[in-house]
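Undergrad: Here's a structure for you.
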Amino acid sequence: MTGTDYPLLCEQIREIIRTEPHYVAALSNISALLFQSMEEINWAGFYLMDRGSLLVGPFQGKPACIRIEIGRGVCGTAVLEEKIQRVEDVHTFPGHIACDGASRSEIVLPIFCGGRIAGVLDIDSPLYSRFTAEDEAGLEKVVRLIGEKVDFTGLRQLQENRI
């Protein structure tokens, strides 16, 4: 397995966002880019805050869970704890939600916009321990870029919180 070129990935994401910063268009293309750029993954996408829980957003992969409560599963835990969750074996994660039975490891990163969580980036792999500290650091730059540059103003949760 070769490493992902995160500096190049961030350049490509900047261009996607520059072209169209609206969250639906930008996150749709970013999920496709991640899915094509990262090896040994089977799902890459976003869950967005909506009415106090996470609602599935743009993604690449098999059909996904539609809504996830805060504190439930890896995605809900990332929101509750407001921190990255890098799980080497999802079957040992308390309350893991198995949308795709082939997934073995997962990384979820909160996306902060205006001091609040707008959603999460969720990436799954069919390999145990797929995600490294290098992946975590690179993807942290990706979500920081998304939080700073993507236009989330149409997102209901942000409107309700008047961000």
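The values are calculated or read from the model by the stated rules, or taken from the named source; none is laboratory data. Please read these numbers as outputs of a predicted model, since none were measured by experiment. Cβ: placed from backbone, ideal geometry, glycine included. Neighbour counts: every protein chain shown. Calculation scope for accessible area: heavy atoms of the full protein, side chains included, ligands and nucleic acids excluded. Shrake-Rupley method; radii C 1.70, N 1.55, O 1.52, S 1.80 Å.
Undergrad: Can you give me the long-range amide H partners of residue 57? Hydrogens built in the peptide plane at 1.01 Å from N, cutoff under 5 Å, separation of 5 or more residues or another chain.
TA: 46, 47, 48
Undergrad: While we're here: Mind putting a number on the dipole of the range 1-118 about its Cα centre? Charges go on the C-beta only, +1 for Lys and Arg and -1 for Asp and Glu, and I need it in Debye to the nearest 20.
TA: 380
Undergrad: Something else about it: Say each of residue 51 and residue 36 gets a label point 7 Å from the Cα, pointing the same way as Cα to Cβ; how far apart are those two points in nm?
TA: If labels sit at residue 51 and residue 36, their model points lie 3.5 nm apart.
Undergrad: Give the aspartates and glutamates whose C-alpha is closer than 16 Å to that of residue 149, dropping any in the same chain fewer than 8 places away, or say none.
TA: 11, 15, 20, 140
Undergrad: If you roll a 1.4 Å probe over the heavy atoms of the protein chains, what accessible area per residue do you get for the range 9-163, in Å²?
TA: For the range 9-163, the per-residue accessible area is 47 Å².
Undergrad: So for the range 1-50, taking the charge dipole from beta-carbon charges (+1 Lys/Arg, -1 Asp/Glu), which of 21, 37, 3 sits furthest toward the positive end?
TA: It is 21.
Undergrad: Taking amide H atoms as placed 1.01 Å from N in the peptide plane, list the residues 5 or more away in sequence, or in a different chain, whose amide H sits under 5 Å from that of residue 119.
TA: 49, 111
Undergrad: What's log10 of I(q)/I(0) for the chain at q = 0.17, 0.20 Å⁻¹, Debye sum over Cα points only, no solvent?
TA: So the normalised log intensities are -0.96, -1.37.
Undergrad: If you average the C-alpha positions of the range 10-40 and of the range 66-143 separately, how far apart do those two centres end up, in angstrom?
TA: Distance between centres, Cα-based: 18 Å.
Undergrad: Multiply the residue separation of residue 148 and residue 136 by 0.36 nm, subtract the distance between their alpha-carbon atoms, and state the gained length in nm to one decimal.
TA: My answer for the length gained is 2.5 nm.
Undergrad: Does anything in the range 53-77 have its amide N under 14 Å from the 7 Å Cα→Cβ label point of residue 102, and if so which residues?
TA: Flagged as within label range: 60-64.
Undergrad: Arrange the peptides 101-113, 58-70 so that the one whose residues have, on average, the most other Cβ atoms within 10 Å appears first.
TA: 101-113, 58-70
Undergrad: Under 16 Å between alpha carbons, and skipping anything fewer than 8 positions from residue 62 in its own chain: which aspartates and glutamates qualify?
TA: Candidates past the 8-residue exclusion: 40, 100, 106, 122, 124.
Undergrad: Across every pair of different alpha-carbon atoms, what Kirkwood hydrodynamic radius in Å does the range 19-107 reach?
TA: 13.7 Å is the Kirkwood radius here.
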